[in-house]
Amino acid sequence: NGERDSHREAVPVDQLRDPQHDDVRTQDPKWLVVIGVCTHLGCVPVANSGDFGGYYCPCHGSHYDASGRIRKGPAPLNLEVPPYSFLEDGLLVV
């Protein structure tokens with residue numbers, strides 16, 4: 001969505017703790033597929049929350065941007081992108 005795009009483009013990737021551009025995190029820019037488990041200690045982050053319009057982990061205060069990239073707090077890595085694929089009929093297989 002537009003909000004996700006604005007947060008994404010405002011960030012110099014080389015300044016991120018776990019630098020990953022969306023080109024390597026997504027197969028289709030309209031979709032974000034991540035595992036909703038904080039990379040710090042495994043809590044479940046709250047979507048559409050936090051300082052960067054993405055995910056906020058209430059357990060220890062990690063903030064992820066709208067692309068699931070860690071921006072603030074103790075989490076060491078971005079939210080994990082699992083292996084996935086899109087089928088011809090529009091279904092997503094994770």
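Identify, from the list 60, 40, the residue that is in contact with a His (Cβ under 9 Å, 6 or more places away or on another chain), part of a loop (DSSP other than H, G, I, E, B) and farther than 12 Å from residue 77 by Cβ.
60
Can you name every residue in the stretch 60-78 that is surrounded by 22 or more Cβ atoms within 10 Å (Cβ to Cβ) and either under 13 Å from residue 35 (Cα atoms) or among the polar types (S, T, N, Q) (or both)?
Within the stretch 60-78, 62, 64, 67, 68, 69 qualify.
Of the residues that sit in the stretch 18-73 and are among the polar types (S, T, N, Q) and in contact with a Ser or Thr (Cβ under 9 Å, 6 or more places away or on another chain), which one is farthest from residue 92 (Cα to Cα)?
That would be 62.
Here is a check on your reading of the model: is residue 81 surrounded by 15 or more Cβ atoms within 10 Å (Cβ to Cβ), in contact with a Pro (Cβ under 7 Å, 6 or more places away or on another chain), assigned to a loop (DSSP other than H, G, I, E, B) and modelled with pLDDT of 90 or more? Spell out how you get there, then give the answer.
On the way: surrounded by 15 or more Cβ atoms within 10 Å (Cβ to Cβ): yes; in contact with a Pro (Cβ under 7 Å, 6 or more places away or on another chain): no; assigned to a loop (DSSP other than H, G, I, E, B): yes; modelled with pLDDT of 90 or more: yes.
Here the answer is no, as residue 81 does not meet what is asked.
Looking at the stretch 80-92, I want the residues that are within 10 Å of residue 34 (Cα to Cα) and have a partner that is among the hydroxyl-bearing types (Ser, Thr, Tyr) with Cβ atoms under 8 Å, at least 6 apart or on another chain. Which pairs are those?
80/39; 81/26
What number of residues within the stretch 11-23 satisfy the criterion of being surrounded by 10 or more Cβ atoms within 10 Å (Cβ to Cβ) and either at pLDDT 90 or above or outside any helix (DSSP H, G or I) (or both)?
8
Quick one: would you say residue 29 is touching a helix residue (DSSP H, G or I) at 6+ places or on another chain (Cβ under 8 Å) and part of a loop (DSSP other than H, G, I, E, B)? Don't jump to the end; show me each part of the working.
Details: touching a helix residue (DSSP H, G or I) at 6+ places or on another chain (Cβ under 8 Å): yes; part of a loop (DSSP other than H, G, I, E, B): yes.
Taking the combined requirement at face value, the residue satisfies it.
The values are calculated or read from the model by the stated rules, or taken from the named source; none is laboratory data. The structure presented is a predicted model; accordingly, all values stated were derived computationally and were not measured. Cβ: placed from backbone, ideal geometry, glycine included. Neighbour counts: every protein chain shown.
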